[in-house]
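Heads up: the structure comes next, in structure tokens.
The values are calculated or read from the model by the stated rules, or taken from the named source; none is laboratory data. A quick note: this is a predicted structure, and the numbers were derived from the prediction, not measured. All Cβ positions, glycine included, derive from the backbone under ideal geometry; neighbour counts span all protein chains shown.
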Amino acid sequence: MIPEQYEKAKYNNVPKDIRDRLEVIMTSRRGMYIHGSVGTGKTYIAYALKAEWDSRATVKSMFWDATELMREIKADFDRPAEAKTRAEQRIMDFKGLLFIDDIGAEKMTDFVAETMHVIINHRYNNRMPVIFTSNFPVSDLANHLGGLAGERIASRIVQECDIIELTGDDKRMKDPRKIKLRSPFAN
């Protein structure tokens, strides 16, 4: 389900260089890693790419927010067998384009690092493309994920993805330091 604020994400609003790289994914199975500061439009771009992909490809894409994905996988632990969503297995079985939005935003634990490694390694080994978005450059993502798992994830991303950095101001706020809040408690 697409969040309401991204339902009208327009492919034509995506920078041409990124649109060109989507064409490459369709033929090469090479992914993308889009990173930049908060509010630079990463998620908007990802949803616009998803809509374009789904309008043209025979196998539709799958979109996961990284934090929601980890919560869903953990929630399955306590569910009865008939109620399990099996998100991790669905991703492992999925052959189409996978989007993982905001990788690195999830609270880092050994479980998260290991689970991300299993998913990314499986897709890497089977040449299944992923488009990632993150606030972290790949080298910082490796440090954030920590240890050998972080290094292995970053290495696979670098080998299988075009790395794109978005720059600019937070599109949601002009300058958060200049925002004035009204408070009934202010003097």
>> Here's a check for you: in region 46-67, which residue that is among the basic types (Lys, Arg) and within 20 Å of residue 123 (Cα to Cα) is modelled with the highest pLDDT?
In response: 50
>> If residue 121 satisfies all but one of (1) crowded, with 19+ Cβ neighbours inside 10 Å; (2) over 13 Å from the mean Cα position of the chain (by Cα), what's the number of the condition it fails?
In response: (1)
>> Considering only region 34-54, I want to know if a residue exists there that is hydrophobic (A, V, I, L, M, F, W, C), closer than 19 Å to residue 91 by Cβ, under 13 Å from the mean Cα position of the chain (by Cα) and assigned to a helix (DSSP H, G or I).
In response: yes
> Does region 81-95 include one or more residues that are among the small types (Gly, Ala, Ser) and within 29 Å of residue 139 (Cβ to Cβ)?
Replying inline: yes
> Of all strands (runs of 3 or more DSSP E) completely enclosed by region 57-156, which ones contain at least 1 residues that are within 22 Å of residue 41 (Cα to Cα) and among the acidic types (Asp, Glu)?
Replying inline: 62-65, 98-101
>> Can you tell me which condition residue 14 does not meet? The list is (1) loosely packed, with under 12 Cβ neighbours inside 10 Å; (2) modelled with pLDDT of 90 or more; (3) of a type in the set (A, V, I, L, M, F, W, C), and all the others hold.
In response: (1)
> In region 23-33, what count of residues is obtained for those that are in a helix (DSSP H, G or I) and in contact with a strand residue (DSSP E or B) (Cβ under 8 Å, 6 or more places away or on another chain)?
Replying inline: 2
